[in-house]
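Here, each number is a calculation from the coordinates, and none is a lab measurement. All figures in this text were calculated on a predicted structure; none of them were measured in a lab. Because the Cβ atoms are built from the backbone with ideal geometry, glycine has one as well, and the counts that use them run over all protein chains shown.
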Amino acid sequence: MVFALVGLVVLALLGAVHRYVWRRFVGDTTAPGSPLRRAGTVAAFVLPLLSIGAMTSGRVGAPFWLQQVLAWPGFLWLACLLYLTLALLVGEVVRPVLLRFLARRDGATPGTGARTVPESATAGPAGESGTGTGTPADVPDGTRPRTEELVPSHSAGASARSEAAGRTATEPMTESATEPVTESVAEPATEPERERETEPAAGPLATSATAPATGLAPGPSRRLFVSRVVGGAAAAAGLATVGYGTYGVLRGPSVRRITVPLAKLPRAAHGFRIAVVSDIHIGPILGRAHTRRIVDTINATSPDLVAVVGDLVDGSVADLGSAAEPLSALRARHGSFFVTGNHEYFSGAGQWVDHVRELGLHPLENARVEIEGFDLAGVNDIAGETEGQGPDFGRALGDRDRGRAAVLLAHQPVVIHDAVEHGVDLQLSGHTHGGQLWPGNLLAELANPTVAGLERYGDTQLFVSRGAGAWGPPVRVGAPSDITVVELASRQA
């Protein structure tokens, strides 16, 4: 019941976000019935369906080829939706500012003397320009009398406007106050003259008087113009962010190096190097080539020990066993070790433990081994509790010599408090991806004591890797993938 309710909330939120994105990118920028409007509307329905298919196909047991077909467009669109929405929200702040700026600029242009005149005041008998200074075209210069235009005011009623419209363009008033005002009835205008009267007059005065108040004619209205500018900028920013984040994942993880001093570490183990890799997430998108890049990067660091700290896969051994085979090429003086993550329990943890053992890795299922100068322990992930295979710290650490340094492999950082109680000196974890997609790090901070990097909890230090792969969208923003070489330092050295 709870899962159904959460699913409905997620679907409602997804629908609302898509409606908002459609409105800003399609509804506000395209004409009804246009090809672009139709294409945008179809995309607004198809893309979320692809995303839902990508998220659910693996859980419902869809064929692996179908998972691969849905994964790329479906998961990538989720990343695009996130950053397009964030960019549009920024645009909501810019939109009114830009509209106000354009309205102020178009309302009065300094230095031109132009002013906005109501249409009813510009159309009338004052000549083609409608400015009140026009003169009849059929009267020769120097022979017509000086005239004063009788232009009806803007506030006059309909009868006054009708009377003014019936007068000719040559209705003069003589300068002498004693001479009567003569009115002449104009002959019906010829067809060319009617065409000239309907055409806009040339010259700066006519342009300023007849141009629309938006100042953007000919062309889109001011609001349409702003919608297209803001939408175009948001699309460019959002898609560029996703493109850069995808490139970072496909390029492969970078190598980080940190030094961690341990009080109990003997001088002989000083400088011991552990290559920590987590969250590889082999799956429908990141396959065998991704695994090979990670193995080559780890081997290039020449570590003493390799620690694979959970979330190796997103799928079954039947579908992804061959994609994990490059792990057999890992090389380290003291071997490679593996602990389960929560995603292993979505994919058949028991089968994967057996498979990685066949590839030459040593699974630590609530177990411990003695390494040169310290104890290396590993616990199952919390997700294993649903199968009765959760973490057992007593079994992994309960009977050890506390005079020796202890390094613990545990997928999720939240078990740090159990590690402190059992005298662990250093816990190596993953799970958080460093947030993977900003601002996901803010949510990750709510659920984890440490999102990335090295922190101390009492006498225990916790290091959290950002991971070498990606879950869902193959995109990372603000949290680059990494493989970290942890060098242990003895305080006795």
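In square nanometres, what is one fourth of the surface area of the convex hull spanned by the alpha carbons of the stretch 287-358?
Average projection, Cα convex hull of the stretch 287-358: 4.3 nm².
Please name whichever of Gly472, Leu426, His355 sits farthest to the positive end of the charge dipole of the stretch 253-490, dipole taken about the Cα centre and charges placed at Cβ: Lys and Arg +1, Asp and Glu -1.
Value computed over the given set: Leu426.
Using 0.36 nm per residue, how much length does the chain from Glu385 to Ser322 gain when fully extended, once their Cα-Cα distance is taken away?
19.9 nm
Report the full-extension gain for the segment Ala489 to Val420: residue separation times 0.36 nm, less the Cα-Cα distance, to one decimal in nm.
Result for the pair: 22.9 nm of gain on full extension.
Using the Cα centre of the stretch 253-490 as the reference point, and only Cβ charges (+1 on K/R, -1 on D/E), how large is the resulting charge dipole? Debye, rounded to the nearest 20.
Around 860 debye, computed over the stretch 253-490.
Which cross-chain or sequence-distant (5 or more) residues have an amide H under 5 Å from the amide H of Thr484, H modelled 1.01 Å from N in plane?
So Thr484 has HN proximity to Arg256, Val276.
Quick one: 3J(HN,Hα) in Hz for the stretch 63-75, Karplus 6.51/-1.76/1.60 with θ = phi - 60°, rounded, Gly and Pro as x.
Listing the rounded values in order: x, 4, 5, 5, 4, 5, 5, 7, 5, 4, x, x, 6 Hz.
What percent of all Cα-Cα pairs in the stretch 311-417 falls into each 5 Å bin, going from 0 up to the bin containing the maximum distance?
2, 12, 22, 23, 19, 13, 7, 2, 0
Based on the mean of other Cβ atoms within 10 Å per residue, sort peptides 69-80, 247-258 so the most packed one is first.
Put in order of decreasing packing, that is 69-80, 247-258.
Applying a 10 Å radius around every beta-carbon, put 471-483, 445-457 in order of their mean neighbour count, most first.
471-483, 445-457
So if each residue of separation counts as 0.36 nm, and I subtract the Cα-Cα distance between Arg228 and His334, what length gain in nm does that give?
Taking Arg228 through His334 to full extension adds about 32.1 nm, to one decimal.
Using only the Cα atoms of the stretch 393-479, construct the convex hull and provide its projected area averaged over every direction, in square nanometres to one decimal.
5.9 nm²
Under a plain spin-label model, where a point goes 7 Å from the Cα along Cα-to-Cβ, how far apart in nm are Arg23 and Leu359?
About 4.8 nm separates the two model spin labels.
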